[in-house]
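S.K.: Before we start, here is the structure in question, set down as structure tokens.
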Amino acid sequence: MLIFAIIQIILSQVPNFHKLSPLSVVAAVMSFMYSLIGIGLSIAKIIGEGIGKTTLTGIPITKDFTSMEKMWKTFSALGDVAFAYSFCFILIEIQASHGWIQRVG
């Protein structure tokens, strides 16, 4: 992660950044490699520790799980969704500023 961060800091110093089309290829390759690293680490963890116990609803509910804890987990999940949803407008602005929406739509 540090290597990728250093590379991106160096690349962000390039003047006329928007005119460098090969840089898009470099960014795509870096994103793909970053994803592969994450997948590799996940597979290594599964091999080392085995697959954890999961359920369709996330946390297994036991009789020790109080109604207050259920309510807290529910509202916490809703808060996470609301927080993530607030960033979708930033994505739309980025796409609009790069002309992607004008070409497609």
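Derivation of every value follows stated rules applied to the coordinates shown; laboratory data play no part. All values derive from a computational prediction rather than experimental measurement. Using ideal geometry, Cβ is built from the backbone for each residue, glycine included, and neighbour counts are taken over all protein chains shown.
S.K.: Taking the inverse of the average 1/r across all pairs of different Cα atoms in the stretch 1-52, what Kirkwood radius in Å do you get? Mind dumping the intermediate values first?
M.R.: Details: mean 1/r = 0.0773 Å⁻¹.
About 12.9 Å, per the Kirkwood formula over Cα pairs.
S.K.: Once both labels are modelled 7 Å past Cα along the beta-carbon direction, what's the Thr74-Phe32 spacing in nm?
M.R.: Result: 4.5 nm between the two label points.
S.K.: Right, next: Could you give the length gained on full extension between Ile46 and Phe83, defined as 0.36 nm per residue of separation minus the Cα-Cα distance, in nm?
M.R.: Numbers: separation 37, 0.36 × 37 = 13.32 nm, distance 2.94 nm.
Roughly 10.4 nm would be gained on extension.
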